[in-house]
Structures are given as structure tokens and as C-alpha cells.
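The values are calculated or read from the model by the stated rules, or taken from the named source; none is laboratory data. Remember, it's a predicted structure, so these values are computed and weren't measured experimentally. Please note: Cβ atoms are built from the backbone with ideal geometry, for glycine as well, and neighbour counts cover all protein chains shown.
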């Protein structure tokens, strides 16, 4: 199954944490098929915290959605994440699991707020512009063109 994960970090060394996340996804979840560029993004919600580095990761997995989620949480904890909000060394969100629509107490797929956030849509539009949201029935490109979020999302020269 193809999955899309958004990786973010706003604790130094931010790029290192993203690179470790990609390596961890490859080792514990499945083969990485593609990576977006790395973007520096203004924090959503709490503007008093440091800016994030974000990137989208496309991978293939044989794990169930809940197994993927558990592995992502393990990778976050290995990087030292303790809180759900505020500054964090690693934030990994499962955005898509193929075209699966799922709503459980632990996991909602596709990610319920992805269409509202430029920091998610810009890397996704680079990596999978024609991917269709199974609920909204629009491509990532279309969702980005309609997004009203104006927080900064800046392309960087960093490499994963």
C-alpha cells in the first residue's frame, strides 16, 4: 500500500531529525518511493514557537494503517518527542494510506486538516500533485489552489 507521511521538525538540528525520519520509515515501515523538497514553514497555531522544516514522504508498506501509526509514534519518541504540541524534534503525520477512508479514536484518514494547511499541501503538491483526496474528490493541486491559509512556506536547498 502507498502511504504519504508529512515529516516536520522545529527543534535543532531540524534537518537531521527529518533525515533520521526518512531512514526510520525505510527501516521500519517500507520502501521510500519519493521525497518532496524541504520547506521552512511558519508554525500553525502557536506562533511563539520556532519555524518548522517540513517534507512529504511517499512510501510503500505492507503494514496496516494502525501499525504504520505506531511505527511513526516510535520514530517520534526515538527522536525525543514528549509533547503533542509546542516545539518538537519530530512530528510525523500519516496523511494518506492509499485511498482509504478511516475514522477511529486513534486515526483518521485521510488526515482531517490536510486541506486547510499550506505547510502540508505545498510539499504534497510537489510530490503527488495529481493524488486525489478520497473524501473531497479533488487533487492536491486543486486543494492547494483553494487553500486560504497564508502562513509562510519557503522552499529550501536542504536535501533529505
Seminar exercise, completed: Log entry, pairs with first residue in the stretch 7-30 being free of Cβ contacts under 8 Å to residues at least 60 places away in the same chain, second being part of a helix (DSSP H, G or I) and surrounded by fewer than 17 Cβ atoms within 10 Å (Cβ to Cβ), beta carbons closer than 9 Å, six or more apart or on different chains, reads 24/74; 24/78; 28/74; 29/67
Seminar exercise, completed: Residue hits (the stretch 137-152; over 18 Å from the mean Cα position of the chain (by Cα) and either on the phi > 0 side of the Ramachandran plot or surrounded by 12 or more Cβ atoms within 10 Å (Cβ to Cβ) (or both)) are 137, 138, 142
Exercise. Does residue 33 satisfy the criteria of being in contact with a strand residue (DSSP E or B) (Cβ under 9 Å, 6 or more places away or on another chain), more than 29 Å from residue 103 (Cα to Cα) and assigned to a strand (DSSP E or B)?
Worked result: no
Exercise. Among the residues of the stretch 111-128, is any over 17 Å from residue 3 (Cβ atoms) and assigned to a loop (DSSP other than H, G, I, E, B)?
Worked result: yes
Problem set entry | Qualifying residue in the stretch 78-90 (condition: closer than 27 Å to residue 156 by Cα, part of a helix (DSSP H, G or I) and either out of contact with any helix residue (DSSP H, G or I) (no Cβ under 6 Å at 6 or more places or on another chain) or at pLDDT below 95 (or both)) | yes
Exercise. Can you name the residue in the stretch 96-110 that is in contact with a strand residue (DSSP E or B) (Cβ under 9 Å, 6 or more places away or on another chain) and part of a loop (DSSP other than H, G, I, E, B) and is also surrounded by the most Cβ atoms within 10 Å (Cβ to Cβ) among such residues?
Worked result: 110
Seminar exercise, completed: Subset of the stretch 129-158, residues under 11 Å from residue 117 (Cα atoms) and either modelled with pLDDT under 95 or in a loop (DSSP other than H, G, I, E, B) (or both), comes to 147, 148, 149, 150, 151, 152
For this session: Return the pairs, sorted by first residue and then second, in which the second residue is assigned to a loop (DSSP other than H, G, I, E, B), the first residue lies in the stretch 50-65 and is under 12 Å from residue 126 (Cα atoms), the beta carbons are less than 8 Å apart, and the residues are 6+ apart or on different chains.
Result: 55/36; 55/37; 55/38; 55/160; 56/36; 56/128; 57/36; 58/128
